[in-house]
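Here's the structure we're looking at; comments come further down.
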Amino acid sequence: MSLLKEGEHAAFNEVHHQYYALLIRYAYNIIKDKEACSDLVQDVLVWFWEHREQHQMSSIKGYLIMAVKYKVSNVIRKGKVRENYVLSALNPPGYSLNEESLELKELQAVIESFIQQLPDKCGEIFRMSREEQLTNKEIAAKLGISEVTVAVQIKRALDKLRANLGKLHFWINFFV
């Protein structure tokens with residue numbers, strides 16, 4: 001904890017390495033959505049890093065598990081775990097949402113336009129994460145930056161994307 005409080009990235013990387021998979025499994029046992037779990041755990045770890053100087057705890061593991069538990073309950077309460085529902089609504093029985101479909105192309109165009117509006121480094125990191133399916137560690141190594149920076153940039157991009165897509169609520173209403 002003392003190294004974390006001093007801002008040692010290596011100490012945070014060790015915490016990330018040691019607890020990430022455990023936290024993902026814990027969240028997945030509750031919400032059964034791998035992407036949502038990944039985003040949620042990244043949010044918790046970024047928050048943990050950003051508030052590292054304020055933490056008073058005896059167990060990092062226990063603290064992070066409780067933080068994930070709290071975040072999961074917030075996600076469920078706010079109804080943010082609806083991706084599977086929306087995808088099933090977008091793809092009802094007898095309707096094919098494939099790569100050639102107009103709806104998918106329009107949604108991809110909206111997302112592409114959004115990514116182009118991101119700052120260059122943020123957009124690059126987001127593309128590497130989502131399009132190239134690289135881990136934060138791989139992105140950090142390729143770009144010569146810390147994993148924390150990668151996680152923060154991805155979180156910012158996802159928050160902006162969610163806000164941007166939230167304005168397009170007609171998509172959900174149109175297909176449901």
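Out of Lys121, Lys137, Lys155, Lys142, report the one residue that is within 15 Å of Asp43 (Cα to Cα), among the basic types (Lys, Arg) and modelled with pLDDT of 80 or more. Don't jump to the end; show me each part of the working.
On the way: Lys121 fails: within 15 Å of Asp43 (Cα to Cα); Lys137 fails: within 15 Å of Asp43 (Cα to Cα); Lys142 fails: within 15 Å of Asp43 (Cα to Cα).
After applying the criteria, what remains is Lys155.
If you go through the range 50-61 one residue at a time, do you hit one that is assigned to a helix (DSSP H, G or I), modelled with pLDDT of 80 or more and not β-branched (Val, Ile, Thr)?
Yes: the range 50-61 contains one or more residues that are assigned to a helix (DSSP H, G or I), modelled with pLDDT of 80 or more and not β-branched (Val, Ile, Thr).
Between Asp43, Asp33, Asp39, which is at pLDDT below 85, closer than 20 Å to Asp159 by Cβ and crowded, with 17+ Cβ neighbours inside 10 Å? Even if it seems obvious, please write down each step before you answer.
Working: Asp43 fails: at pLDDT below 85; Asp39 fails: at pLDDT below 85.
Residue meeting the stated conditions: Asp33.
Six or more apart or on different chains, Cβ under 6 Å: which pairs go from a residue in the range 13-36 that's within 17 Å of Tyr70 (Cα to Cα) to one that's buried (at least 18 other Cβ atoms within 10 Å of the Cβ) and not aliphatic (A, V, I, L, M)? Could you list them?
These pairs meet every condition: Ile24/Cys37; Ala27/Cys37; Tyr28/Cys37.
Among the residues of the range 19-44, what is the count of those that are out of contact with any helix residue (DSSP H, G or I) (no Cβ under 6 Å at 6 or more places or on another chain) and under 22 Å from Leu3 (Cβ atoms)?
3
Look at Ala89 and say whether it is in a helix (DSSP H, G or I), in contact with a helix residue (DSSP H, G or I) (Cβ under 6 Å, 6 or more places away or on another chain) and at pLDDT below 80. So that I can check it myself, show each step before the final result.
On the way: in a helix (DSSP H, G or I): yes; in contact with a helix residue (DSSP H, G or I) (Cβ under 6 Å, 6 or more places away or on another chain): yes; at pLDDT below 80: yes.
Yes; evaluated as a whole, the condition is true for this residue.
The values are calculated or read from the model by the stated rules, or taken from the named source; none is laboratory data. Quick caveat: nothing in here was measured; it's all calculated off a predicted structure. Neighbour counts are summed over all protein chains in view; Cβ atoms, including those assigned to glycine, are modelled from backbone coordinates with ideal geometry.
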